[in-house]
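Have a look at the structure below, then the notes.
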Amino acid sequence: MPKTATKHTGAVADPEFQLTPEQLDLFGEELDALRERVLDDLGQRDSDYIHNILNAQRGFEVAGRGMLFLSFIPPAWIAGTISLSISKILDNMEIGHNVMHGQYDWTQDPRLDSTQFEWDTSSPSENWKDSHNYQHHTHTNIVGKDRDIGYGILRMSEEQPWHPYYLGNLLYATLLMTFFEYGVAMHDLEVERMVSGEISFADKRKEFDNIWTKVRRQAIKDYVLFPLLAGPMAPAVFAGNFTANIARNVWSFMIIFCGHFPEGVEEFTEEETENETRGQWYYRQILGSANLTGGKLFHIMSGNLSHQIEHHLFPDIPAHRYAEIAVEVREACARFGIPYNTGPLHKQFGSVVKKIARLSLP
């Protein structure tokens, strides 16, 4: 990895800014020490926190599905859909994503076991943990290695060669946002490599079978079983479940894209990241991430991925700790002169949209 702060998207205000290898090593040692201190402090309050979230999620789901059965009362349909949407967002963001990172394996609670957990979305946990936990978090924003850059659908980096296909970048992004759970599920199929002939369908048969099984199970649950149980309210329950899934998809897309792709976030080449030291790896995580500002409820609903910088630094630390950690990370970045990209949702998402539009052109 080069000493300079990379050239790709201009995240560093001063292009002449440099960190020496010694400074990067010292920076890495500070973050390692911070990580160990937090891990040593994990205990009852962390367990209480995630169990409270689990209880809240289940309460919102029961309330939401119950009110949807009363959809002959119009306010009940609205309230039920909102409640179910909150349930699905919590399950996806603050519970599923974080539990499958192994953040709560230390509790030895079977409900929080990263190897057994399955979330309420169309992406099979087994596939997701490989593409996300390993590929994405190891190779964050390395063009050609991190398939989360564009999800095989979008052009999200100037390093990606332009093709007329990308004129539809905004349209593809809108469709991906609306049906994000299916985009994430299909991610592991590497369809773009099938199209190019690099791999065959047979190479991905196991992943396809996992996806089809999970998609079918989710569809039966939300679009067959619960509507049938509602009897004459079946159409209203179907519509409520569909709307809740779309709400979860749109919210997840916004939070994730704001953490990875606003203007100012860096991308890297494989050559730049060869033989990285621990400090250089931390450095790349910070330059390749962005945070969102907001209140406590906002952070919970985002799965604390509003602290994407801290998540990329410490993916196995319980996410509700990121707000505390962020104070020290930001202070260390200021001392070392490392940029710390943060801003409100509307600003970061507006920046993402502009980037998607800009990169649709040569």
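The values are calculated or read from the model by the stated rules, or taken from the named source; none is laboratory data. These numbers were taken from a predicted model, which means no experiment stands behind them. We place every Cβ from the backbone using ideal geometry, glycine too, and count neighbours over all the protein chains shown.
Counting only helices (runs of 4 or more DSSP H) that sit completely within region 134-219, those holding 1 or more residues that are buried (at least 18 other Cβ atoms within 10 Å of the Cβ) and either of a type outside the set (S, T, N, Q) or in contact (Cβ under 8 Å) with a residue 40 or more places away in the chain (or both) correspond to 169-178, 180-187.
Can you give me the number of residues within region 269-303 that are free of Cβ contacts under 8 Å to residues at least 40 places away in the same chain and of a type in the set (Lys, Arg)? Count: 1. May I ask you to list the residues in region 272-305 that are farther than 15 Å from Glu94 by Cβ and hydroxyl-bearing (Ser, Thr, Tyr)? Scanning region 272-305 gives Thr273, Thr277, Tyr282, Tyr283, Ser289, Thr293. The residues listed here are Gly240, Gly259; of these, the one that is over 22 Å from the mean Cα position of the chain (by Cα), crowded, with 22+ Cβ neighbours inside 10 Å and in a helix (DSSP H, G or I) is Gly240. If you go through region 340-362 and keep only what is surrounded by 15 or more Cβ atoms within 10 Å (Cβ to Cβ), of a type outside the set (A, V, I, L, M) and over 26 Å from Leu297 (Cα atoms), you end up with Lys355, Ser360. Which of the residues belonging to region 100-146 are over 20 Å from Lys221 (Cβ atoms) and among the β-branched types (Val, Ile, Thr)? Within region 100-146, Thr107, Thr115, Thr138, Thr140, Ile142, Val143 qualify. Here Arg335 meets each of (1) closer than 18 Å to Phe261 by Cβ; (2) free of Cβ contacts under 8 Å to residues at least 40 places away in the same chain with one exception, condition (1).
Candidates are the residues of region 268-282 that are in a loop (DSSP other than H, G, I, E, B) and not polar (S, T, N, Q); the one that is modelled with the lowest pLDDT is Glu272. The criterion of at least 1 residues that are modelled with pLDDT of 95 or more, over 17 Å from the mean Cα position of the chain (by Cα) and within 20 Å of Tyr49 (Cβ to Cβ) is met by the following helices (runs of 4 or more DSSP H) wholly inside region 308-362: 322-336.
The set of residues in region 296-307 being small (Gly, Ala, Ser) and not in a helix (DSSP H, G or I) consists of Ser302, Gly303. Scanning region 301-311 finds one or more residues that are buried (at least 22 other Cβ atoms within 10 Å of the Cβ), under 22 Å from Gln23 (Cβ atoms) and of a type in the set (A, V, I, L, M, F, W, C).
Does Gln285 satisfy being touching a His at 6+ places or on another chain (Cβ under 6 Å), part of a helix (DSSP H, G or I) and surrounded by fewer than 22 Cβ atoms within 10 Å (Cβ to Cβ)? Criteria met by Gln285.
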